[in-house]
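FYI, it's all coordinate maths here, none of it is from the lab. These figures come from a predicted structure and were not determined experimentally. Because the Cβ atoms are built from the backbone with ideal geometry, glycine has one as well, and the counts that use them run over all protein chains shown.
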Amino acid sequence: MGDAGDFGPEVKQTVRKYALQNAIEYAGEGKSGSVLGRVLGERSDLRPNAKDLMILIDYEVEQANSLAKKMGLEVVRDELEGIDPEALRREKHKKKDGLRDLPGDTSKVVLRFAPNPNGPLTIGHSRGVVINSSYAEKYEGTIVLRFDDTDTKIKPPLMEAYSWIEEDFEWLSGRAADIVIRASERMPVYLKQAKKMIADGHGYVCQCTAEEFRKFREEKMDCPCRVRAISENLEDWESMNSGKIMEGGSVVRVKTSMDLPNPALRDWPALRIQHSPHPIVGSKYKVWPLLDFQSAVEDHEQGVTHIIRGKDLMDSTRKQKLLYEHFGWEYPETLYWGRVKVHEFGGFSTSGMSSSIKKGDYEGWEDLRLPTLRALRRRGFEPESLISLWSEIGLTQKDISISMQTLETFNSKNIDGLCERRFFVCNPILIGIQSQEASSEASIPRHPEGAIPGTRKWGVGNHIFIQEEDFTEGKLRLKDFADIEIEGSNAEIEGFDRSDGRPIIHWLPEGIARRAKMFVPEGEEIRELEGVIEDFELCLGDVYQFERFGFAKIERIDSEVVELVWLHG
């Protein structure tokens, strides 16, 4: 056939249909290979022309993804419904089933969300809150909020983070966790199980250096510590806990097999010595569990039935199953998800943010440029937007990338009908205004579609503010008011019914304008916009949609200035 243009309109529409469906499924990151499979599933007669067909598919996938990112997923859905309503229903059904039924026994579901409290929750953490809370609600189950805070050295806990995380969890899930646990306060449980493991011959104290053990592991050879008597191991265990053995002097290993195919599973480390004080329990403990051991023991203690974790933690599952076999426990059902990268925040980590805050690069954890839930809440995002995002993506092991624009689209849909409209005039200039007709009042809807009843009534007066970039001599229309013609620094009202296609600008009467600042995050910078805001029933903490500008939240009101933080367009 030669090129994509040789296919008829019927084939092109089929390709377009599946490109749109795929763009919705992967939040604007659709893949050509997946679309090809769907097209050929419907039109097997096209298989001989698959090479040429890919040219058309690549083009349509690019167009569909671009449409999703620029206009939002609802626009894509509308087009798909126009082409094939059944295809849209199939997509919706698939997304509804994104949180597929939990496997195994679901008569008493217990789930857990287990963050490290070395900082507040981020967009990435929100996935765990939403997915686990949704399953707990679906099965009328229990959800455990567990603080994995047994690392006192590499990722030490931040005391404020405990309460921040509980607040963020409740804000996002709509309820408090059923059980809240701080692992650091459960140390006697872990140490007891570790001692039992050693006493039963399923673990041992290893005094090899990291480099020495790495060689044993690579060569599938037992280290000399492995064959020592249980009594010797228990003696060393007591020395570890008393502080006689210093940091790095020994670790406790789970005895598995040194010839397992997966090197990560070979006698994996369960506990190590850390003398750094803990902000909650101080210097009481010298031996601390590593996460795979602590998490495994606590999951058993709390009766966790289902674990949902990243697919990068599959080795953790394998390690823990070996430990459970030693103890004679039944391992929970485990589900996995793939990585989700948010383009704008790909390089952020909690530890990295903490370091940058200490250096003064950011003003704190609520800095508008950060991907923390505290920052999103400060800007005015609603929890429903994150719930919609993760419900849309579902529980899939595929790695995907999304843009903040996807989250913003969900948020816009949630808040558009709830936000009153207001005017913000940036870089204002003052012009005189005259009228041959007597009209000193403007009446403007609180919401253009009437979702919020009522109007804002302004006295117009003799002077108005318009944006410097809108200023031009000639014909303009003041939004929701009048047609004007500007000459020099003055404008004359020509009529109150729109008469032609002249440009529409927003504006403010001098008498209702109040000085304002808008803080807009842009990458690594925060841009400060100065202007005037419509001084009409402004409420601290409310989000408004500013005409021709976007959504913003009022953060501060005083006699001098109104300060706003940018939400999104």
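Packing here is the average count of other Cβ atoms within 10 Å per residue, and on that basis the peptides 122-129, 65-72, 549-556, highest first, run 122-129, 549-556, 65-72. Return the tail of the calculated pair distribution for region 427-543, meaning the percent of Cα-Cα pairs more than 17 Å apart. The answer is 60 percent, as a whole percent.
So what's the projected area for region 99-341, the Cα convex hull averaged over all directions, in nm²?
Here the figure is 13.3 nm², rounded to one decimal.
Positive end of the charge dipole of the chain (Lys, Arg +1 and Asp, Glu -1 on Cβ, about the Cα centre): tell me which of G174, V227, P85 has its Cα farthest that way. Working it through, the farthest residue towards the positive pole turns out to be V227. Around the Cα centre of the chain, unit charges on the Cβ atoms of Lys, Arg, Asp and Glu (plus for the first two, minus for the last two) sum to a dipole of about 2660 debye.
Across region 292-318, the residues whose backbone nitrogen lies under 13 Å from the label position 7 Å along the beta-carbon direction of W329 are 292-307, 317. Debye-formula intensities of region 158-297, expressed as log10 I(q)/I(0) at q = 0.12, 0.15, 0.16 Å⁻¹, are -0.57, -0.79, -0.87 (one equal scatterer per alpha-carbon, no solvent). Label-to-label distance for T106 and K284 is 4.0 nm, based on points extended 7 Å past Cα in the beta-carbon direction. Between E469 and T396, the modelled label-to-label distance comes to 3.6 nm, taking each label 7 Å out from Cα in the direction of the beta carbon. Within region 342-415, the proportion of Cα pairs with more than 15 Å between them is 60 percent. The peptide list 335-345, 422-432, put in order of mean Cβ contacts within 10 Å with the highest first, becomes 422-432, 335-345. On a 0 to 90° scale, report how tilted helix 404-415 is relative to the longest principal axis of the chain, with both axes built from alpha carbons and the result rounded to the nearest 10. Rounded to the nearest ten degrees, it is 60.
Counted over the chain, the DSSP beta bridges are approximately 65% antiparallel.
Given the C-alpha centroids of region 295-344 and region 227-275, what is the distance between them in whole angstrom? Here the two parts' Cα centres lie 22 Å apart.
Between the Cα long axis of helix 73-83 and the first principal axis of the chain there is an angle of about 80°, rounded to the nearest 10.
In a fully extended conformation the segment linking E528 and M159 would gain 129.6 nm over its present Cα-Cα distance, using 0.36 nm per residue. Hydrodynamic estimate: the Kirkwood radius of region 69-224 over Cα pairs, inserted into Stokes-Einstein at 4 °C and 1.567 mPa s, corresponds to D of 65 µm²/s. Between S276 and K138, the FRET efficiency estimated from the beta carbon spacing at R0 = 45 angstrom works out to 0.65. Remark: for residue pairs K69/K517; K319/K398; K341/K398, the C-alpha separation exceeds 19 Å in K69/K517; K319/K398. Highest-first packing order for the peptide set 24-32, 261-269 is 24-32, 261-269, based on the mean count of other beta carbon atoms within 10 Å.
Report, to the nearest 10°, how far helix 85-96 tilts away from the longest principal axis of the Cα atoms in the chain, using its own Cα long axis and a range of 0 to 90°. That works out to roughly 40 degrees.
Which of the three applies to region 136-240, rounded, prolate or oblate, going by the alpha-carbon gyration tensor with a ≥ b ≥ c and a/c under 1.5 meaning rounded?
Judged from the Cα gyration tensor, region 136-240 comes out prolate (a/c at least 1.5, a/b above b/c).
Here is the size of region 356-499 from its Cα atoms: Rg then Dmax, 21.9, 68 Å. Of the listed values (1) 209; (2) 147; (3) 166, identify the label whose number matches volume of the Cα convex hull per residue in Å³ calculated from this model. Here volume of the Cα convex hull per residue in Å³ agrees with entry (1). Every helix of 4 or more DSSP H residues in the chain counts as -39500 (n - 2.57), and over all residues that averages to -11500 deg cm²/dmol at 222 nm. Here region 161-187 and region 359-383 have alpha carbon centers that stand 19 Å from each other.
What's the FRET efficiency of F496 with E537 using the Cβ-Cβ distance as r and R₀ = 35 Å, to the nearest 0.05?
0.90
Subtracting the Cα-Cα distance of E384 and K321 from their residue separation scaled by 0.36 nm leaves 19.1 nm. Over region 4-96, the Kirkwood radius and the radius of gyration, each from Cα atoms, give a ratio Rg/Rh of 0.95.
For region 4-96, relative contact order (Cα pairs under 8 Å, six or more residues apart, normalised by length) works out to 38 percent. Across the alpha-carbon atoms of region 306-375, the computed radius of gyration and Dmax are 17.8, 51 angstrom. Segment L418..D200, full-extension length gain: 72.2 nm, with 0.36 nm per residue of separation and the alpha-carbon distance subtracted. Between D312 and S351, what's the calculated FRET efficiency when r is the beta-carbon distance and R0 is 25 Å? Round to 0.05. Efficiency, rounded to the nearest 0.05: 0.90.
Using a simple spin-label model with points 7 Å from Cα along the Cα→Cβ vector, what separation in nm is obtained for D178 and S440? Reported label-point gap for D178 and S440 is 6.6 nm.
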